[in-house]
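Working notes, beginning with the structure itself.
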Amino acid sequence: GENIIVDPGTYVYTPYPEERNKFRATSYHNLVYFDGLEQSCIANGLFSLFNEAHIDNASLRDEGGLIVFSGKIVYQGVSHERHIKFKKGTAELEIIDLLISPFNNRARILFHLAPGLDYQEGCHYIEKSGRQLAEIDVEDSLLLIQDYHYSPEYGIKENAICLYSEFTVGPQMRRIVTHIKGL
């Protein structure tokens, strides 16, 4: 019954071009962001995106006790394949990211939390007013915190936190597994 990981929203269209583009940027979404690389060029106008990304496949399947999303996107030489497994009848997700870059690149896996939620670095629990709402774990990695702005509606923005883990990704496939469980 609580929003936990959210899309940051839009905020504005034309009054503040820099803010508009910030909310459109790859790094303002819940995905793996390769440092300095946008999935689509946002520099040529506030309402256009140049489709530079290629989606190799995307599917949603019912596999008995699991609902599975699989998709792969390739852009600017990097490849990001994601599999999300949701256990029916539970609040458990497993996210498997498979990453390749032709050059060593810093990458971040991002989780934008709803306003009012807290997270203590080194812990594994997302909280609201001291009550644990969800457990999150990125295998073999610490989650860190950065601030961001969330926009619940046009013209409004609120402070919130984004959880992230950093990795180096190169020509050898990097596998990152994240577990999220509602409590």
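Between Y154 and N3, the modelled labels are 1.7 nm apart [label points 7 Å from Cα along Cα→Cβ].
Applying 1/(1 + (r/R0)^6) with r as the Cβ-Cβ distance of Y13 and H83 and R0 = 45 angstrom yields a FRET efficiency of 0.85.
Straight-line cross-link partners of K22 among the lysines, defined as a Cα under 16 Å from its Cα and at least 8 positions apart when in the same chain: K157. Distances over 19 Å make up what percent of all Cα-Cα pairs in region 54-128? I get 55 percent for the Cα pairs in region 54-128 exceeding 19 Å.
Distance between the 7 Å Cα→Cβ label points at K181 and I145: 2.3 nm. Among the aspartates and glutamates, select those whose C-alpha is under 12 Å from the C-alpha of K88, and discard any that sit fewer than 8 residues away in the same chain. Within reach: D62, E63. Taking only protein heavy atoms and a 1.4 Å probe, the accessible area of the chain is 50% carbon and sulfur. In this structure, the residue pairs whose Cα-Cα separation is over 30 Å, taken from K72/K181; K72/K128; K85/K128, are K72/K128. Calculated accessible area for region 46-183 comes out at 55 Å² per residue, all protein chains present (probe 1.4 Å; ligands, DNA, RNA ignored).
In percent, how large is the relative contact order of the chain, given Cα pairs closer than 8 Å and 6 or more residues apart?
Reported as a whole number, the value is 23 percent.
For the chain, the calculated P(r), taken from all Cα-Cα distances in 10 Å bins from zero up to the bin holding the longest distance, is 9, 33, 37, 20, 1 percent.
The values are calculated or read from the model by the stated rules, or taken from the named source; none is laboratory data. Bear in mind that the values here come from a model prediction, so they are computed numbers and not experimental data. So basically every Cβ, Gly included, is an ideal-geometry build from the backbone, and we count neighbours across all protein chains shown. Just so you know, the surface numbers come from the protein's heavy atoms only, side chains and all, with ligands and any DNA or RNA stripped out. Shrake-Rupley method; radii C 1.70, N 1.55, O 1.52, S 1.80 Å.
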